[in-house]
1. List the extent of the Cα atoms of chain B along each of their three principal axes, largest first, rounded to whole Å.
2. Got a sec? Which residues in region B:29-65 would a label at B:Q21 touch, if it sits 7 Å along Cα→Cβ and we count backbone N under 15 Å?
3. How many nm is it between the label spots at A:I647 and A:A439, if each spot is 7 Å from the Cα in line with the beta carbon?
4. Quick check for me: using +1 on Lys/Arg Cβ and -1 on Asp/Glu Cβ, what's the dipole size of region A:213-386 about its Cα centre, in debye to the nearest 20?
5. Using a Förster radius of 45 Å, what is the FRET efficiency between A:C83 and B:A404 based on their Cβ-Cβ separation? Nearest 0.05, please.
6. Once phi is turned into θ = phi - 60°, what whole-Hz ³J(HN,Hα) does the Karplus curve with 6.51, -1.76 and 1.60 give for every residue of region A:418-427, x standing for Gly and Pro?
7. What's the FRET efficiency of B:F310 with B:A11 using the Cβ-Cβ distance as r and R₀ = 45 Å, to the nearest 0.05?
8. Within region B:211-253, report the GluC sites (Glu not before Pro) that DSSP leaves as loop and that have at most 14 other Cβ atoms within 10 Å.
Amino acid sequence: MAIECLVLGAGQEVGKSCVVVSIGGRRIMFDCGMHMGYLDNRRYPDFSRISESGDFNAALTCIVITHFHLDHVGALPYFTEICGYNGPIYMTYPTKALAPLMLEDYRKVMVERRGEEEQFSFDHIVDCMKKVTAIDLKQVIQVDKDLSICAYYAGHVLGAAMIYAKVGDNAMVYTGDYNMTPDRHLGAAQIDRLELDLLITESTYATTIRDSKYAREREFLKAVHKCVDAGGKVLIPTFALGRAQELCLLLDDYWERMNLKVPIYFSAGLTIQANMYYKMLIGWTSQKIKEAYGTRNAFDFKHVCSFDRSLVNAPGPCILFATPGMISGGFSLEVFKQWAPSEKNLVTLPGYCVAGTVGHKLMSGKPTRIDLDKDTCIDVRCQIHQMSFSPHTDAKGIMDLLSFLSPKHVILVHGEKPKMAILKGRIESELGIPCFYPANNEAVSVPAGQTIRVDVTKSFLRNHFNRNFNLSKHEPLCFSDTIINHEEISEICSNERIAEGILLMEKNKIAKIVSENDLLHKLDAKEHTVQLAFCCPVKVKNSQQSLDFSTGGTKPLPGESNSEPNPPHQPEKLLRAVSGFVQRQIQTCHVTRGPVHPGDLMRPDSPPDGPDTAPNNLSQPSEMNASFGTPFCSLLELLSREFESKIDCCNIQKTFDHLQLKSFQARICLNDLCSYRIQQGQSDCKTETFFCCSWSLSDDILARKLLGIMREVELDISNIAFLLPEHASEHMEM
Amino acid sequence: MPYFIFYVSAADVNGCMEKVQPLKYAEEACYNSTLVLKAFSSGLEIGSCNWKINAPRRNFVYLSSSIFESAQAIDFDYRSLQGADIILFSDMSTINNIEEDFNHIGGSQSDVNKDDKDLILGDASIPRPVFAEDDTSELLMDKCEILEENDKMSFITSYIIDSVREGGSVLIPIGRLGVALQLLEQISDLLKSLSMEVPIFIISTTAEQTLAFTNAIPEWLCKRRQEKLFCGEPLFGHAELMKEKKLHVFPLLYSSDLLLKWQEPCIVFTLHWTLRLGPASHLLSRWHAVSSCLLILEQGIDAEMALSPFKSKSMKVLQCSFLSGIQSHKIFPLLSILRPKLVLFPDDLRPLCTSQNSSSFSLLFYSVNSTLRVPSLQDEFEGRLMTDLAFQLQPRRLFSKEIAIARLRGKLVLSKGKYLLLSPKKPINLPSLRMLLWGSVDAARLLVALKEKGIDCSIENENTVLDKDTKSLRIKVSETATVETNGTETTICTENGTMAALIHETMSSICEGI
Ligand SMILES: [Zn+2]
Ligand SMILES: [Zn+2]
């Protein structure tokens, strides 16, 4: 299944953010913004591309708004009240509280000041907001059975959120605008390490790396302080929300520290009202402000005084916050006209101004005259301070977020095309993540993985974890569904370990992953065990003295053979002991899991306890260890050393009578009639001894390798003596 | 003055709280990829919750005292608790009523007696009063509850106002924060509408912070108060009252600031509800002999006991009980809406159970200090298989049953209590041979099959082993291999790997396997 992403706004531009994402059969609209730079139909996203019939309720599952800026929420009342969208809309509590203020402020500016026909009315805004469900951060909202969304803190402005959306196995994040560094009133963006198929991120500062914000804040404060010290007036044009509060916090704090008495005014009731909201929503601000509010709410500004229009021309210094931010009209323009001609005064400008506004003209060069229309022109002699701090992340922040989340695909929006192209290059080359930056009305489709719901049986998991525990030389895991065990399991799961099992599919049932035993049980069948076996000859030599080893099996027992004139060398003695032991335990020469084969049963000198119990004799190792086990082991020890030196294995298990690697077992076979000896010509009895080997099919490749080694090597039994002392005690414990 | 030992210091409390991970409602908290914990509002108090906990093969809901509609906190979010296998029901708020009802009726109301076996198995086939879910939610969310509470509040408030009118002061020990806030609001509203000027005091070291806090947590409050946020009004009226100097908040009773503002009659909210600690005990000693004064006590506190240190008491006492959990008649309709398989129910509340009302789920009773073993309700673990891995499998239909099987190799990951099988980074080399065979291998058929493959073979000997039923046959395959089979076990003996594989392949062609 693919995730399809239709960019209706903020594609290779900043403005009217709106992205429609189809994911797992659901269709979500992220943001529904307007473009402040256009007055014609380009101001809104082209909604007709969502649904030609105009049935938006059927075409969309829900709308999620990231924050209250108009380029993200501005078209919402139009879409709900005029276009008729009636489905669910989600935004955070602060956004739901503050968005209507922004919308109403904008509507008034448009209607009253530009004399334009209104796109939506006050009632439209109210009705629209009634349809909104407010959500909290990190709260997992179940939009429907399959779709869940979750908001993460984005910094940027109060209540800004990054939105995580998940349908079944597919997941994505739409960041909206965000800030990766904390500012005076907001924290930095925060998100969990999510598994994402797609990340859609803003890229306003796709190529900029910004230095410390505090330096630029100090600059701003210095400029303001200098101006009021000299008796000047400071005009701070801002939007009512966000920047106004941030700057006011900055000034209020500075005023307190510097003990300044110059009044600070807010021009609009709106801003004062907005402060009320900020006080209630303090939980969404920075940690510092949150911690302090129990004793004093930082938005109870101490130095802010109530404002009256008559104060504009009152003598003496003052600070005035006035809307709108880019001096495009309204009260900020009114005050600007009066204050601009005096060089004592100061006007601050926001970081970004749309072309056509007075703010934009002031930013481009330092004009001395501004012609508003044919009748009005303003003498500009005042100081200009452009603020360069922005609540958007810089390029480093974007890259940090991407490498933290490492999504499978990235789509860039909310930026300028050339810069986006550069950032895309970096993302693809540095992070290796495919990246797109579609233009408006373009769609991008990215592939996304999917899963099938299955049941997993206990026995399958037990096999898997047991196997891995053995691999990591742990004790076998006693498996149940208690937490303690899962703790260990999840640890194991962090490494890539391959689980093996069988997928069992039954009609009208959930597919099940089972173990082999589960399958047999299900089929009510018994396993037909297949063993592989081979009684393999291995060359033996004694570099110290030649030795008639192979006859050990038929020679008299060691106790009776002491008639030789010279006492034998130790190795010989040991070998005699070995052969004696083998004589008694002749039945050990059979495949462990295989049938008791005829060769064994026909031995003339079977021990008196009879063949039935013979295989069980092995269950008394301690006695045998004491009498014969040690030398016997040593031959196996020689073989196992050969194995260890030729193949990369360190976990050969040795017991007193056999060695084992995975399912491969080898034990000394002194039975000439062993049914697993395939006679291939006459073997040289004098220099060969036999190891009866067995293994299961799954280890066939390994076993063939080991057999190859056994065929090639020549075991030097004179080495047994040197082996003996250091290994004796070790073998005793087995 | 009673003497109390404080077992923990402020530093201990802070140290403890630092270890706490705060969560939002419906936030997913993962413990160790295995447990997923989520809290949902219970409506009892601001921030109080019920828990939904998911683990592999287990999931359950811890259901504590809950209130469907609250005047302060977010309502009881019971819909989010739907679908858990097990509900641990631990709302004990009805326990007092049960004892009363029970004594009253004489203990015969319930048909589930103590002697009954512990597990009542539900049987969905038994006809029972069927509630459509909507009807049930209507029953659960009926307005009666909140109206009743409001009536109670109005009654208490008017009683308080009457006392003040007669010149008596009123002492309200703070128990539940929500109740205190609501009383404060109602009292000040009524005073305002009657144009009465009676000072209200809140005396507590944490009051200032608590009041500030309540006005900054819209996300945690009921719909009615959230609406205030969207209208730009304060969430609670107390900030305004303080500004108007109608409400005075002091950390301590004895402070010069308080003495300046002090004036009787007055209404005082303070600690502690036991009346043995804090300013409450001091004010009680001042007012207990004044017949016009009033003490508001929550039910559950023994008034006689509480006032026993004061010999001559003429102070009026109003005892009131506020809703503190799920009403008994709503418990089973609620449980049936939550659709659990099993409910763990307090033994003390057993009288509430009738076999009729629990028929859609099983009941298991628990009591204090005894461990209850809860049967496992799911045999299998929940898992997911990535489709790209599934596409690499080679399923094979088994002719005997309507089953298809496929060997599977994948990377196993545990995430949020679910097992996920992904494609490993390296290609998954599925074994070409059938590694597991079942059914019997008929030697004669094997011989034929081997011969069909052009392999020279013959039966070498036939041997009846001790076990009479199993016949062991030995086939000599060319000169380099032998095969020994007794129907349930086969041993292939050869040094030649290719030959072994060939024999095995032949075998799997004549019996089932994977
Ligand atoms: Zn923004
Ligand atoms: Zn934006």
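1. 119, 55, 47
2. B:29-39, B:52-55
3. That separation, rounded to one decimal, is 6.4 nm.
4. The dipole magnitude comes to about 320 debye.
5. In this case the efficiency is close to 0.35.
6. My calculation for region A:418-427 gives x, 5, 4, 4, 5, 5, 4, x, 5, 4 Hz in order.
7. Values: r = 36 Å, r/R0 = 0.81.
Here the calculated transfer efficiency is 0.80.
8. B:E244
The values are calculated or read from the model by the stated rules, or taken from the named source; none is laboratory data. Values in this document were obtained by computation on a predicted structure and should not be read as measured data. Neighbour counts are summed over all protein chains in view; Cβ atoms, including those assigned to glycine, are modelled from backbone coordinates with ideal geometry. Calculation scope for accessible area: heavy atoms of the full protein, side chains included, ligands and nucleic acids excluded. Shrake-Rupley method; radii C 1.70, N 1.55, O 1.52, S 1.80 Å.
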